[in-house]
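Inspection log for the structure reproduced underneath, given as structure tokens.
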Amino acid sequence: MPAVSIEKAEFKSRRDRLLAMMEPNSVAIIPAASEVTRSRDTDYPFRQDSDFYYLTGFNEPDAVLVLSTGNVSASTLFCLNKDKQAEIWHGRRIGFEKAKSDYLFDQTCALSELSEQLLDLVNGQQILYYAQGAYPKFDDKIWSLLGTLRSNRSHTAPTAIKDIRGLIHEMRLFKSPAEINVMREACKISAQGHIRAMKFSTPGATEYQLEAELHHHYAMNGARHPAYGTIVGGGDNANILHYTDNCDVLNDGELVLIDSGCELHGYAADITRTFPINGTFSAAQSELYNIVLAAQEAAFAEVKPGGSLSYANKQAMTILTQGLIDLGILQGELSELLNSQACKAFYMHGLGHWLGLDVHDVGDYKQDEKERVFEPGMVLTIEPGLYISHDTKAPEQYKGIGIRIEDNLLVTQHGYENLTASVPKSIHEIEALMQAHHD
Ligand code: GLY
Ligand code: MN
Ligand code: MN
């Protein structure tokens, strides 16, 4: 595994910060993820719940975190009991005794004690923080717990249930130096994977072979899983925004769009590059490509404290719209076409999103009804695109071309740091890399 990691003390300090934001006489219950069946008796690779992971760093299924502001221990972890047979078959469990010291909880209990202990932890508290509906399997446990507390004269149930997610997600939006280091590494591994795929590309190769190049590089560098379904779309497949079939042959003279990033210690990278399968852009491909690149550069200039995603998008849309007019794909006055958002026929998605433990990361995009402004420590993607599918009205030479360019930006004190700048992006850089490799 790469040397970057996040100290257990940081996870503890996140719990302490959350506890300080919770109301007096309250208790928060935050469940971990469970295993998910893939087929019959095999499971998907386990992926921890992002909020639970953010507060614990604990990577076993079915655990439960309880935070209490009352007079009981502040942080309690329930985790799977040690079980020799289960561990021989399915893997090691840390057990509650070791979890307490290793993960810095105030108290830890075996999962088998959960129902009984929760009664004590929740009894007498006024507010229960719980994300109703987010953990359907766990909801029933909560209703049954509240039912028991209400029906027993010697117990008192909370009078309000509040959603804890708003508080956690606001914390997650601002990345700590340790998180930024992990994200830098995730971006670096992903960037190298893209370069490897660019070098491998040649007419007659397949989309799934490029996918394999990326995934091989991720896994060989300790990031065993992609952060989301890798997109490798050759030619017109690039016009399907979430194309993941990745089963076609790559044709000479066409572009391929790759949208892929690895997950490292839970953190996602999310990079898109679009390049010619044979290493050389055609004239029509270059014309469209340079419009998307200019739109991305215009958006980058707005990524700084005080800037906003919607203003950056306005700048990007102005460039895209003017470019489409210049190529004869849109007809009319720039101002009118901007008012009617005409470019949306060829640019159907948003400019970008927060990035972190989830690829489409948490955090409100509005604050006090207003557009949220960028602040140092936020990480986001900027990913304009143009998609001219065969069934759109456009000059023939542009049909079947789909282009997206996506980078991951950290907002800094005075602007941004592009965490994914090392993947070639200008036409000259891409052609130089691919042609050097194929000569
Ligand atoms: N890979 C998903 C996205 O770019 O938003
Ligand atoms: Mn992407
Ligand atoms: Mn993205």
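Matching residues to (1) of a type in the set (Lys, Arg); (2) in a strand (DSSP E or B); (3) within 15 Å of ligand 3 (Cβ to nearest atom):
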| residue | (1), (2), (3) |
| --- | --- |
| Gly233 | no, yes, yes |
| Leu241 | no, no, yes |
| Asn246 | no, no, no |
| Ile258 | no, yes, yes |
| Thr274 | no, yes, yes |
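List the pairs whose first member sits in region 95-121 and is more than 11 Å from Thr76 (Cα to Cα), whose second member is surrounded by fewer than 17 Cβ atoms within 10 Å (Cβ to Cβ) and hydroxyl-bearing (Ser, Thr, Tyr), and whose Cβ atoms are under 7 Å apart, counting only residues at least 6 apart or on separate chains?
Leu119/Thr148
Pairs only if they're at least six apart or on different chains, beta carbon under 6 angstrom, first in region 362-389 and in contact (Cβ under 8 Å) with a residue 40 or more places away in the chain and within 16 Å of ligand 2 (Cβ to nearest atom), second of a type in the set (Lys, Arg) and in a loop (DSSP other than H, G, I, E, B); list them, first residue then second.
Val379/Lys175
Among the residues that make up region 145-166, is at least one of them out of contact with any Ser or Thr (no Cβ under 9 Å at 6 or more places or on another chain), open to solvent by less than 60 Å² (accessible area, probe 1.4 Å) and under 30 Å from Asn418 (Cα atoms)?
The answer is yes; a qualifying residue exists.
For residues in region 26-48 being in a loop (DSSP other than H, G, I, E, B) and without any contact (Cβ under 8 Å) to a residue 12 or more places away in the chain, which is least open to solvent (accessible area, probe 1.4 Å)?
By that ranking, first place goes to Val36.
Out of all the residues in region 266-284, which are more than 30 Å from Phe58 (Cα to Cα) and either under 17 Å from the mean Cα position of the chain (by Cα) or open to solvent by 10 Å² or more (accessible area, probe 1.4 Å) (or both)?
Scanning region 266-284 gives Thr272, Asn278, Thr280, Phe281, Ser282, Ala283, Ala284.
Give the residues of region 169-210 that are among the small types (Gly, Ala, Ser), open to solvent by less than 10 Å² (accessible area, probe 1.4 Å) and in a helix (DSSP H, G or I), sorted by residue number. Steps first, please.
We begin by selecting, within region 169-210, every residue among the small types (Gly, Ala, Ser); these are 176, 178, 186, 190-191, 193, 197, 201, 204-205.
From what's left, open to solvent by less than 10 Å² (accessible area, probe 1.4 Å): 186, 190-191, 193, 197, 201, 205.
Ala186, Ser190, Ala191, Gly193, Ala197, listed by residue number.
Of the residues Glu213, Glu254, Glu302, Glu263, which single one is within 15 Å of ligand 2 (Cβ to nearest atom), modelled with pLDDT of 95 or more, open to solvent by 10 Å² or more (accessible area, probe 1.4 Å) and among the acidic types (Asp, Glu)?
Criteria check complete, one pass: Glu263.
Please work out which residue is nearest to Ile403 (Cα to Cα), limiting yourself to region 362-391 and to residues that are within 16 Å of ligand 3 (Cβ to nearest atom) and open to solvent by 10 Å² or more (accessible area, probe 1.4 Å).
Here the residue is Glu383.
Tell me the residue from Ala436, Ala394 that is surrounded by 19 or more Cβ atoms within 10 Å (Cβ to Cβ) and among the aliphatic types (A, V, I, L, M), please. Lay out the reasoning, then the answer.
On the way: Ala436 fails: surrounded by 19 or more Cβ atoms within 10 Å (Cβ to Cβ).
That would be Ala394, the only listed residue that is surrounded by 19 or more Cβ atoms within 10 Å (Cβ to Cβ) and among the aliphatic types (A, V, I, L, M).
Hey, among the residues in region 331-356 that are more than 15 Å from ligand 1 (Cβ to nearest atom) and assigned to a loop (DSSP other than H, G, I, E, B), which one's least open to solvent (accessible area, probe 1.4 Å)? So that I can check it myself, show each step before the final result.
Pass one, region 331-356, residues more than 15 Å from ligand 1 (Cβ to nearest atom): 331-346.
Then keep just the ones that are assigned to a loop (DSSP other than H, G, I, E, B); that gives 331-333, 340-341, 346.
Values: Gln331: 125, Gly332: 49, Glu333: 115, Ser340: 76, Gln341: 98, Phe346: 11 Å².
Only one residue fits best here, namely Phe346.
Quickly run through region 216-229 and pick out the residues that are open to solvent by less than 50 Å² (accessible area, probe 1.4 Å), assigned to a loop (DSSP other than H, G, I, E, B) and either more than 16 Å from ligand 1 (Cβ to nearest atom) or touching a Leu at 6+ places or on another chain (Cβ under 6 Å) (or both).
Gly222, Ala223 - these are the residues of region 216-229 that are open to solvent by less than 50 Å² (accessible area, probe 1.4 Å), assigned to a loop (DSSP other than H, G, I, E, B) and either more than 16 Å from ligand 1 (Cβ to nearest atom) or touching a Leu at 6+ places or on another chain (Cβ under 6 Å) (or both).
Enumerate the strands (runs of 3 or more DSSP E) found wholly within region 364-426, keeping only those where 1 or more residues are over 30 Å from Asn251 (Cβ atoms).
By residue number, 379-382, 407-411, 416-418.
With the requirement that a residue be touching a helix residue (DSSP H, G or I) at 6+ places or on another chain (Cβ under 9 Å), outside any loop (DSSP other than H, G, I, E, B) and not hydrophobic (A, V, I, L, M, F, W, C), what does region 1-25 give you?
Result: Lys8, Glu10, Lys12, Arg14, Arg15, Arg17.
Looking at (1) touching a helix residue (DSSP H, G or I) at 6+ places or on another chain (Cβ under 9 Å); (2) over 24 Å from Thr318 (Cα atoms); (3) at pLDDT 95 or above; (4) away from ligand 1 (no atom under 16 Å from the Cβ), can you tell me which one His437 breaks?
His437 satisfies all of (1) touching a helix residue (DSSP H, G or I) at 6+ places or on another chain (Cβ under 9 Å); (2) over 24 Å from Thr318 (Cα atoms); (3) at pLDDT 95 or above; (4) away from ligand 1 (no atom under 16 Å from the Cβ) except (3).
Under the condition of being over 17 Å from Ala284 (Cβ atoms) and acidic (Asp, Glu), which residue from region 389-418 is farthest from ligand 1 (Cβ to nearest atom)?
Asp391
For region 357-388, name all the residues that are closer than 22 Å to Ile291 by Cβ and away from ligand 1 (no atom under 16 Å from the Cβ).
Selection gives Ile388 alone.
The values are calculated or read from the model by the stated rules, or taken from the named source; none is laboratory data. Since the structure is predicted, the reported quantities are computational estimates derived from the model, not experimental observations. Reconstructed Cβ throughout: ideal geometry from the backbone, glycine too, with neighbour counts over all protein chains shown. Ligands, DNA and RNA are stripped out before the accessible areas are found, and what is left, the full protein with its side chains, is counted by its heavy atoms. Shrake-Rupley method; radii C 1.70, N 1.55, O 1.52, S 1.80 Å.
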